[in-house]
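Worksheet: the structure to be examined is printed underneath.
The values are calculated or read from the model by the stated rules, or taken from the named source; none is laboratory data. Source: prediction; values computed, not measured. Every residue, glycine among them, receives a Cβ derived from its backbone with ideal geometry; neighbour counts consider all protein chains shown. Note: areas computed on protein heavy atoms with side chains; ligands, DNA, RNA excluded. Shrake-Rupley method; radii C 1.70, N 1.55, O 1.52, S 1.80 Å.
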Amino acid sequence: MARRVAQNAVTVILPILPASRLGLEIHLRMIGDDVMANTQLRFDSTPSTHFARWVVLKSISGESGARLLFSAWFDGELEDYARELSKNLGSGLEEIWRHCRGYAPGTALNPDALEVFFREFALAPTRLTPQISLCAFPGATARRIREAIRAREAFEDDLDRLSGSGPAGGPPPPGASSGAGTAGSNGPGFSSWFFRRLIDWLVGVRRGASEGNSVVTTSTPDREAEDRVVQNSMTIVSEIKPGIRAWLVLRLALLIGQFNKPSPSGQHSGVSTIHFARWIVIDGGRNLLFESNYDGSWESYIDDFGDLAHIGMDLIWGNCTGFPKGGSLDIDAFKKVIRDHQHPAVVFYSAYPATTVTNIFNDQIIENDRSSAGRGRALELVKSGYYPLT
Amino acid sequence: MDLPRVHAKDIQGIIVSGYEHLPCSSYHFLNFESPAKARRWLRILTPRVTGSERKADRSGRPEKPAAALNVALTFSGIRALGFPEPFLKTFSEEFRQGMAEGTRAQRLGDTGSNAPERWEFGGSLPPRGEEVHALLILQAPEPAALASQGETERSGFAEWEVRELVAIKGDRPKDAREHFGFRDGISQPEITGSPARRTDPADAIEPGEFILGYANSYGMLPPTPEAPREADTERHLDAPLQATGALDFGRNGSYLVFRKLQQDVAAFRQYFRSTFTGEAAQSLMAAKFVGRWPSGAPLTLAPNHDDTAFAAKEVNNSFAFLPEDEFGYRCPIGSHIRRTNPRDALRGEAQESLIAVNRHRILRRGASYGERLPEGIFEDDGEARGLLFLCVNADIKRQFEFVQQTWVNNPKFHGLYNDRDPVIGTNTNPDSTVGERHDMTIQAVPIRKRLADIPQFVTMRGGAYFFLPSIPALRFLAALA
């Protein structure tokens with residue numbers, strides 16, 4: 001059994017030197033257009049990286065000028081990751097960050113200096129203002145996820161040979177449907193009703209209130225960046241409402257939310273499409289940053305929020321300006337506010353870009369079964385071509 | 001909720017009814033050469049538009065219309081008619097962009113052989129004069145009636161400088177089977193409060209999913225296009241909206257999607273003949289791709305052979321997946337009907353699934369085109385045939401586009417790895433690269449069957465997004481200065 005390694009995130013936001021803005025964006029776009037084969041910055045040379053992104057944050061209220069956001073989700077501790085980045089990507093990072101204010105030239109080339117740089121500039125939660133950090137599979141290193149992908153492919157090839165070319169089908173196994181479809185909920189009880197009303201009251205949501213017509217103003221490039229076939233990134237910066245109420249409720253939401261743990265299949269509150277995500281307060285308490293690495297289309301991702309996690313969404317984003325009065329169930333207005341605060345990634349890297357959270361869960365069913373003898377029933381299902389969601 | 005009934009006379013008939021008694025149809029794609037004359041044409045046409053109101057006949061039953069005429073407009077058509085420019089942006093974004101726009105085509109799977117550049121009509125950047133502005137839909141009980149109805153309509157085109165770009169004839173055969181040989185149009189949601197027959201409460205959907213101006217499945221009013229008060233000189237539209245003070249142009253209207261989908265019947269038949277041995281296995285596998293037998297009997301109820309006992313109207317759609325078919329051993333997880341309507345099985349829990357699924361339903365109003373390829377023929381005869389896919393929905397991106405992107409063409413649907421809808425999906429073409437090749441997994445115990453490189457059987461040939469205005473909204477457009 002390998003030592004359990006934690007996954008961590010690092011995010012750095014630096015102002016872009018005005019004179020460098022255009023050149024930097026072109027440079028980043030060239031990397032982003034060919035993230036796996038460009039000659040400038042190849043995250044696949046850093047084995048600890050799961051996901052990474054570069055985002056140009058355009059003028060946000062209260063902050064002057066464009067800023068450059070870098071974030072990465074990685075295995076292990078930040079000190080070790082700083083060394084890995086400096087060693088493998090030092091000159092590529094230097095070429096980018098040298099266009100930012102506050103960055104001392106040469107930092108990325110020196111492992112020690114990069115470590116100090118991260119300690120100084122990386123966004124960090126405080127005890128009073130925690131972050132919500134979601135990770136589908138804590139402890140699963142990028143290397144292990146990739147190994148499981150390969151193991152599963154080999155396993156399926158074996159099954160292909162075993163299944164031959166005769167007709168499939170046949171009777172279901174005994175007990176295949178036992179328990180299925182009977183786990184219906186009995187409707188919300190008083191406590192959950194009370195809890196919802198409490199949240200509505202806290203964040204000022206009025207159920208059924210509609211924002212009326214919403215005019216969406218997203219540009220085409222944003223759309224292209226958000227609808228890759230399997231995985232996508234989301235970066236939202238929203239302004240926190242002024243006043244003590246929003247301050248308190250948001251801290252409460254973050255305090256509760258920081259304990260959100262994934263299910264064994266990588267789901268958070270039933271949402272099965274989040275690899276990594278986090279909410280963290282930035283800019284001295286003025287703005288809330290949300291970063292997510294998710295599966296599938298933008299529409300289905302936000303629909304999942306509305307279908308499965310609208311209470312959480314209201315509790316968090318209800319403290320931000322522009323949030324719909326009807327809450328996240330006013331789905332069109334909710335989508336509009338997300339879009340209006342979204343900044344597309346210029347560079348988005350994934351260590352396993354063709355793999356969903358549910359795929360990883362099933363890959364591990366196969367891998368675990370090969371190394372130990374557990375999960376017999378799940379493996380039986382996988383062999384039969386049914387990939388469990390939970 | 002019977003609000004739609006109150007406003008039935010204002011709602012175009014195609015929204016509320018599939019007109020089963022009018023199986024012959026024609027679709028006329030029109031271009032307006034002169035805005036002023038097009039408005040005159042619309043003014044004269046509007047009284048002939050079939051509404052949803054049904055007068056009672058002598059025996060007190062609602063009378064069915066002897067023929068139907070409906071009209072829909074593209075974004076460029078509405079603009080050409082002179083819709084007030086600043087308010088054009090209140091139409092939904094996907095409608096404004098159109099079906100052929102790059103990112104929309106990408107999310108619909110209209111790439112490669114389906115790409116808009118290859119369409120017969122409606123494609124991207126048409127030359128001036130070739131833009132689709134309107135779609136006129138005629139429906140009649142038999143071919144002669146349709147022909148005379150078509151003649152009447154066409155006779156006015158020249159005078160009003162309305163140019164017909166394309167006309168397609170559609171047909172709903174008596175056995176209701178599409179060209180691959182399967183009974184189609186079975187699963188269809190019903191509008192809550194509409195007088196139509198009720199099959200399954202799970203299929204009763206809030207009116208606002210299909211008609212603007214009513215609560216949708218979120219309990220919200222769907223976004224609606226607006227018009228300025230001063231443009232409504234003849235006062236056709238209702239009271240202004242509270243939120244903005246503008247007039248609700250969309251109320252009692254909806255959005256319509258049209259897609260001409262060519263079916264390669266010979267390739268479909270050849271695939272099963274060359275992949276499986278024995279007729280029984282061949283028809284079982286074809287049924288597994290669809291999820292139903294040719295009669296319409298669902299595999300979940302009739303897993304082993306086409307059992308017409310399960311093909312009857314009362315039973316063919318009254319089923320759920322979880323109770324007996326959770327794992328897809330009867331109806332495969334990636335089959336056509338499980339993707340286009342996942343019912344109770346979208347997620348682990350039935351009720352939660354139904355709520356989520358019912359936020360992505362569409363009303364289908366399609367027909368077939370072209371002659372059938374005779375049974376037993378495996379060679380392509382060079383004739384074009386396929387399906388005219390029409391659907392009505394209040395929110396194209398949340399309904400039609402979502403179904404297409406997140407269910408039909410999503411290789412990761414329900415935990416799968418690399419499968420798309422094996423019947424209508426954007427699948428493997430001769431020029432497909434590795435990443436564009438897709439499988440079909442047939443769940444089975446103890447070991448599944450993985451079919452590699454599923455050929456693409458259906459090709460997109462043309463289409464557009466339309467708005468189906470209410471009848472007062474048509475009058476409003478005709479009266480624009």
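Here are the numbers for this structure:
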{"read-out": "All positions within region B:20-30 that are part of a loop (DSSP other than H, G, I, E, B) and surrounded by fewer than 22 Cβ atoms within 10 Å (Cβ to Cβ)", "value": "B:Glu20, B:His21, B:Pro23"}
{"read-out": "Residues (in contact with a helix residue (DSSP H, G or I) (Cβ under 8 Å, 6 or more places away or on another chain) and part of a strand (DSSP E or B)) located in region B:31-40", "value": "B:Phe32"}
{"read-out": "Residue list for region B:126-147, restricted to those being assigned to a loop (DSSP other than H, G, I, E, B) and either in contact (Cβ under 8 Å) with a residue 12 or more places away in the chain or under 13 Å from B:Gly462 (Cα atoms) (or both)", "value": "B:Pro126, B:Gly129, B:Glu130, B:Glu131, B:Val132, B:His133, B:Pro141, B:Glu142"}
{"read-out": "Selection from region A:100-135 of residues that are under 27 Å from the mean Cα position of the chain (by Cα) and of a type in the set (Val, Ile, Thr)", "value": "A:Val116, A:Thr126, A:Thr129, A:Ile132"}
{"read-out": "Among (1) open to solvent by less than 20 Å² (accessible area, probe 1.4 Å); (2) on the phi > 0 side of the Ramachandran plot, the one test that A:Val12 misses", "value": "(2)"}
{"read-out": "Residues satisfying the stated conditions in region A:150-160, i.e. within 10 Å of another protein chain (Cβ to nearest Cβ) and open to solvent by 30 Å² or more (accessible area, probe 1.4 Å)", "value": "A:Glu153, A:Asp157, A:Asp158, A:Asp160"}
{"read-out": "Residues (within 14 Å of chain A (Cβ to nearest Cβ), touching a residue at least 60 places away in the same chain (Cβ under 8 Å) and in contact with a Lys or Arg (Cβ under 9 Å, 6 or more places away or on another chain)) located in region B:289-308", "value": "B:Trp293"}
{"read-out": "Options B:Glu190, B:Glu230, B:Glu279, B:Glu209: the member that is of a type in the set (D, E, K, R) and in contact (Cβ under 8 Å) with a residue 60 or more places away in the chain", "value": "B:Glu209"}
{"read-out": "Residue count for region A:36-51, restricted to those that are aliphatic (A, V, I, L, M) and touching a helix residue (DSSP H, G or I) at 6+ places or on another chain (Cβ under 7 Å)", "value": "2"}
{"read-out": "Count - residues of region B:88-125 that are touching a strand residue (DSSP E or B) at 6+ places or on another chain (Cβ under 6 Å), part of a loop (DSSP other than H, G, I, E, B) and over 30 Å from B:Gly213 (Cα atoms)", "value": "3"}
{"read-out": "Per-region count, region A:16-70, residues part of a loop (DSSP other than H, G, I, E, B), over 21 Å from A:Phe118 (Cα atoms), aliphatic (A, V, I, L, M) and open to solvent by less than 30 Å² (accessible area, probe 1.4 Å)", "value": "2"}
{"read-out": "Subset of region B:423-472 (residues that are touching a strand residue (DSSP E or B) at 6+ places or on another chain (Cβ under 9 Å), assigned to a helix (DSSP H, G or I) and under 28 Å from B:Glu101 (Cβ atoms))", "value": "B:Glu436"}
{"read-out": "Some residue of region B:71-79 being more than 30 Å from A:Gly296 (Cβ to Cβ) and open to solvent by 10 Å² or more (accessible area, probe 1.4 Å)", "value": "yes"}
{"read-out": "Selected residue [facing another protein chain (nearest Cβ under 9 Å), among the hydrophobic types (A, V, I, L, M, F, W, C) and farther than 27 Å from B:Phe402 by Cβ] from B:Ala231, B:Ala239, B:Ala267, B:Ala246", "value": "B:Ala246"}
{"read-out": "Residue under evaluation B:Glu101, criteria (1) surrounded by 17 or more Cβ atoms within 10 Å (Cβ to Cβ); (2) touching a residue at least 40 places away in the same chain (Cβ under 8 Å), criterion not met", "value": "(2)"}
